[in-house]
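To keep things clear, I will list the structure first and then write my remarks on it.
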Amino acid sequence: MGNIKLVLEYDGTNYHGWQIQPDVPTIQGQVQYALKKIFKQEIIVISAGRTDRGVHAKGQVANFRIPRSFPPHKLLLALNSVLPRDIRVRKVQEVSDCFHARYSASYKIYRYIIYNGAIVPPWFRNFSWWVIPSLDCDRMRDASSYLIGRYDFSSFQNQGSPSSSPVRNVEKIKISKKNSFISILIKADGFLYRMARNITGTLVEVGRGKLSPLDIGDILMARDRRKAGPTAPPHGLYLWKVGYPKRFNVS
């Protein structure tokens, strides 16, 4: 059976997250339904990240095994012809048998989009977090520097995390602003449950002046979720990219 890798993008607004659940629409459920229509049998799809309800993706990665040979370019067309229009497959690639979308990943990038203007246009309401008044991005950048490195991120983890260890290595946090949009990009070797949204919510508190940049180091060392800021809403978050070691030869 061939091992197939997908790169997907989706609008998570109308879905109860990635993971399949009974009686509600999910991204995994839609992809597996499309594969069943194509191959006439159940196929289990594994994702790099189990995005929450309302979270979007530009670079979600998934893999699954197919029962017979199927040219990747034809599978790309077949999947997009069956999937709803708010889920698109960007790439299809046959990969080595040992490739696993989640466990083979070396890093993930999440991007959070904030609309920091007086009136949010209605077409952005499901794709960004509307925050007023104006945020101080310089303070937010100063605060983010305390999160770079390998630490116990328990202060930024919600209950219900399946991870056995709260230690993660955050390689990069980039905060940029263009017009009324603020982007917070976070690259790490992995993310705890709602970690990206909790970091974002805490940095926004710094941008509002409710926390100082120096507070972030203390919050991190406290290993106590109650010390950090609120969880940012899901609709501003995007799973942006998932990276893999060169030995897998994936694009």
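The values are calculated or read from the model by the stated rules, or taken from the named source; none is laboratory data. Because the structure is predicted, anything quoted here is derived from the model rather than measured. When we count neighbours, we look across all protein chains shown, and the Cβ atoms used for this are built from the backbone with ideal geometry, even at glycine.
Details
- Arg197 vs. criteria crowded, with 17+ Cβ neighbours inside 10 Å, in contact (Cβ under 8 Å) with a residue 40 or more places away in the chain and under 18 Å from the mean Cα position of the chain (by Cα): yes
- Scan of the range 99-118 for residues that are touching a residue at least 40 places away in the same chain (Cβ under 8 Å) and farther than 26 Å from Gly207 by Cβ, ordered by number: Phe99, His100, Ala101, Arg102, Ser104, Ala105, Ser106
- Tyr103 being closer than 30 Å to Ile184 by Cβ and in contact with a helix residue (DSSP H, G or I) (Cβ under 9 Å, 6 or more places away or on another chain): no
- Taken over the range 222-245, residues that are among the aliphatic types (A, V, I, L, M), outside any loop (DSSP other than H, G, I, E, B) and in contact with a strand residue (DSSP E or B) (Cβ under 9 Å, 6 or more places away or on another chain) amount to 3.
- Any hit, the range 172-194, residues being more than 19 Å from the chain's Cα centre (by Cα), among the aliphatic types (A, V, I, L, M), modelled with pLDDT of 95 or more and assigned by the TED database to the domain that holds Pro121: no
- Checking each residue in the range 35-44 for being touching a Pro at 6+ places or on another chain (Cβ under 7 Å) and in a loop (DSSP other than H, G, I, E, B) picks out only Gln41.
- Subset of the range 24-44 that is among the polar types (S, T, N, Q) and under 27 Å from Phe191 (Cβ atoms) - its residue that is surrounded by the fewest Cβ atoms within 10 Å (Cβ to Cβ): Gln32
- Test: residue in the range 169-178 that is in contact with a strand residue (DSSP E or B) (Cβ under 7 Å, 6 or more places away or on another chain), over 21 Å from Gly49 (Cβ atoms) and β-branched (Val, Ile, Thr): yes
- Lone qualifier among Gly2, Gly17, Gly12 - being without any contact (Cβ under 8 Å) to a residue 60 or more places away in the chain and either closer than 23 Å to Trp129 by Cβ or touching a strand residue (DSSP E or B) at 6+ places or on another chain (Cβ under 9 Å) (or both): Gly17
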